[in-house]
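**Q** Take this structure, written in structure tokens, and hold onto it; I'll ask about it next.
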Amino acid sequence: MMLPTLDPQVPSGPIPGENFTSNEKNYPWHRPPDYTDIDSALEKVVADFEDDPSVMHKYMSFLSVGIPVTTVTDIIVTKGLSQGYWTVDFGILLAGPIAKILTIIAKTFGVKYELGIEEELDYPTTAELELSMKRPDKQEQALEKAQEEIDRAAEQSLSLMGLGVNPADITTGMSGVAPPEEQDAMLGNTQITDSTQEVY
């Protein structure tokens, strides 16, 4: 069976500019908005909640299951836009007050909610910096611990050898120096002086 050929003279889709010749009042968003004042638009949102409590309970159910306030606000703004209540840019201006209304209602009903605008900080806060400055460095702690172990091992070794020497004197050196006479005596270079003669 052969497929029918398309007539190139008959377009199969809209021609360019056809939307400018069609009726612009077919959809609500093609007509002028019903509300251009923020106060009157917010009164309309609250009135919809009061006229149909199930709508408000539906939004509170969304918040209770973890859907953020920003998403529910987007639903309300988009719904008003589709019904011709306001324009796109006016809906952006309404987003903040509508989100505030939702949080007030959620607090009234005791519903826990997430705003949806929390972002994790990729930089340290002031409190974290202060805590890190007060906290000792891990490398310094390791060096101090190693030095303590060295001193303890040296003290144990000297005690096993029967030498009661302070390890600190070995690592840091003796604080005093023997006088020259004592040094000569330790080296065997002694001179014995007699009343009659000198012996070398």
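**Q** Would you list the helices (runs of 4 or more DSSP H) that sit entirely within segment 67-134 and hold 3 or more residues that are polar (S, T, N, Q) and under 27 Å from the mean Cα position of the chain (by Cα)?
**A** Values: elements: 69-82, 88-109, 126-134.
Once the helices (runs of 4 or more DSSP H) in segment 67-134 are filtered for at least 3 residues that are polar (S, T, N, Q) and under 27 Å from the mean Cα position of the chain (by Cα), what remains is 69-82.
**Q** Let me ask another. Got a number for residues in segment 61-82 being touching a residue at least 24 places away in the same chain (Cβ under 8 Å) and crowded, with 17+ Cβ neighbours inside 10 Å?
**A** 8
**Q** Is at least one residue of segment 180-197 surrounded by 11 or more Cβ atoms within 10 Å (Cβ to Cβ) and at pLDDT below 65?
**A** Within segment 180-197 (the criterion being surrounded by 11 or more Cβ atoms within 10 Å (Cβ to Cβ) and at pLDDT below 65), the answer is no, since none of the residues qualifies.
**Q** Of the conditions (1) over 19 Å from Pro33 (Cα atoms); (2) surrounded by 18 or more Cβ atoms within 10 Å (Cβ to Cβ); (3) out of contact with any Ser or Thr (no Cβ under 8 Å at 6 or more places or on another chain), Gly96 satisfies every one except a single condition; which number is it?
**A** (2)
The values are calculated or read from the model by the stated rules, or taken from the named source; none is laboratory data. Everything numeric in this text was worked out from a predicted model, so none of it was measured. Counting neighbours? That spans all protein chains shown, and the Cβs are built from the backbone with ideal geometry, glycine included.
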